[in-house]
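To keep things clear, I will list the structure first and then write my remarks on it.
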Amino acid sequence: MENRLLKFFAFILVCTFYSCANQSVHSTERNAKKQEILSSLENVSEVNFKNKKNVLLDVRTPEEYAEGHIEGAINIDVKSSDFEEKIAQLDSKKNYYIYCKSGGRARLATEKMQQKGFKKAHNFSDGMSTYKGTVVK
C-alpha cells in the first residue's frame, strides 16, 4: 500500500513539474515575440488593434500627430501639462503600445504610465522618424 501511495505522489509531482515548466516555456516565447515586435515601429502591424484590449498611443505633439500618424493611434502629448490627467482616464488593464518620433518620449511615457499602475504599457524602441509604413493625416 505504501509503495502505491509513493508512486501516486511521485506521479503528481512529475505532472505538476511538467505543467509549470511548460507554462514557463510558453511565457518565455510570448515575451520574446513581444520584444521582437517592440524592437521597431515597423512591426506595428503585428499587433491586433481590432482587439479592443490593444491600444496604439502616439505621444508626440498635436502638431506632429497632424502631420501624419499611424491609423487608429490616440494622441496624448507626453510633454503636455495634463498628460497624467489624460492617462488617468485610460483603462489601466489594456495593452498600450506607445510611439513617438524616435523612441525617447515613448520611453518616458511608458515609465510614467507604469508608475501610475499601467502594467501593460510598452514602447517601440524607434519611432516615426524611421517608420516607412502608411500614415494618415
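The values are calculated or read from the model by the stated rules, or taken from the named source; none is laboratory data. Keep in mind the model is a prediction, meaning the values are calculated, not measured. Ideal geometry is used to build each Cβ from the backbone, glycine not excepted, and the neighbour counts take in all protein chains shown. In case anyone asks, the SASA skips ligands and DNA or RNA and just uses the protein heavy atoms, side chains included. Shrake-Rupley method; radii C 1.70, N 1.55, O 1.52, S 1.80 Å.
Taken over the stretch 34-90, lysine pairs spaced eight or more positions apart, or on distinct chains, with alpha carbons under 23 Å apart number 6. By the gyration tensor of its Cα atoms, with a ≥ b ≥ c the square roots of the eigenvalues, what is the shape of the stretch 35-129: rounded for a/c under 1.5, prolate for a/b over b/c, or oblate? Here the stretch 35-129 falls in the rounded category. On the stretch 71-137, 44 percent of the accessible area sits on carbon and sulfur atoms, based on a 1.4 Å probe.
When peptides 41-50, 56-65 are sorted by average Cβ neighbour count within 10 Å, with the highest value leading, the order is 56-65, 41-50. Percent of C-alpha pairs per 10 Å bin in the stretch 33-82, short distances first: 23, 47, 29, 2.
What the Cβ-Cβ distance of Lys50 and Lys93 gives, at R0 = 22 Å and to the nearest 0.05, is a FRET efficiency of 0.80.
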